[in-house]
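Worksheet: the structure to be examined is printed underneath.
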Amino acid sequence: MDIYDQAQAAFEKRLKTVTGLPSHPTTRRDLIAFENVDFEAVDGVGWVRGTFAPIVSIRETAGDTGYSRIDGLFHISVFWPIGKGSGEPRRLADAIIKHYKSGTVLSEGDARITVAASWRGPALKEDEWYHIPVTVEWYAHHNEI
């Protein structure tokens with residue numbers, strides 16, 4: 001796996017460990033949609049979506065043993081049924097932010113990814129869902145890019 005695959009895997013693995021994620025009423029599985037993986041929302045039940053977005057890679061040091069700094073975002077969208085209030089989805093968004101607090105280090109393979117900052121944006125109405133976007137800003141140092 002390359003650095004981007006490792007970083008995405010680390011973020012997705014950590015998202016699965018957030019306390020209070022909505023779960024399917026029958027199977028009790030957490031309702032998390034990941035990129036290009038089949039997912040079907042359940043009517044009347046909240047869910048989250050994780051989207052990985054590398055932004056830029058900048059060479060920090062010269063030479064064969066130098067490294068690059070890779071910056072990126074991990075977007076976590078909290079979706080809640082319209083008409084069910086804003087308190088629960090806000091609390092879930094805040095729990096996600098705390099789970100990815102600044103300074104948190106994620107590891108996968110030989111990659112070490114550091115969370116720089118996390119925040120939530122303003123709520124939006126998206127089809128029949130109340131949507132709170134959460135953004136996690138991250139960086140990693142790697143010598144192969």
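Below is a table of values for the structure above.
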read-out: Single condition A10 does not satisfy, out of (1) open to solvent by 80 Å² or more (accessible area, probe 1.4 Å); (2) more than 20 Å from I132 (Cα to Cα); value: (1)
read-out: Sole exception among (1) within 17 Å of A9 (Cα to Cα); (2) loosely packed, with under 15 Cβ neighbours inside 10 Å; (3) touching a Ser or Thr at 6+ places or on another chain (Cβ under 9 Å); (4) not basic (K, R) for N36, by number; value: (3)
read-out: Strands (runs of 3 or more DSSP E) completely within region 65-145 that count 1 or more residues being surrounded by 14 or more Cβ atoms within 10 Å (Cβ to Cβ), at pLDDT 95 or above and of a type in the set (G, A, S); value: 68-81, 111-120
read-out: Residue under evaluation T51, criteria (1) part of a strand (DSSP E or B); (2) open to solvent by less than 30 Å² (accessible area, probe 1.4 Å), criterion not met; value: (2)
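The values are calculated or read from the model by the stated rules, or taken from the named source; none is laboratory data. Just so we're clear, the structure is a prediction, and the values are computed from it rather than from any experiment. Cβ coordinates were reconstructed from backbone atoms using ideal geometry, including for glycine residues, and neighbour counts include every protein chain displayed. Heavy atoms of the whole protein, side chains included, go into the accessibility calculation; ligands, DNA and RNA do not. Shrake-Rupley method; radii C 1.70, N 1.55, O 1.52, S 1.80 Å.
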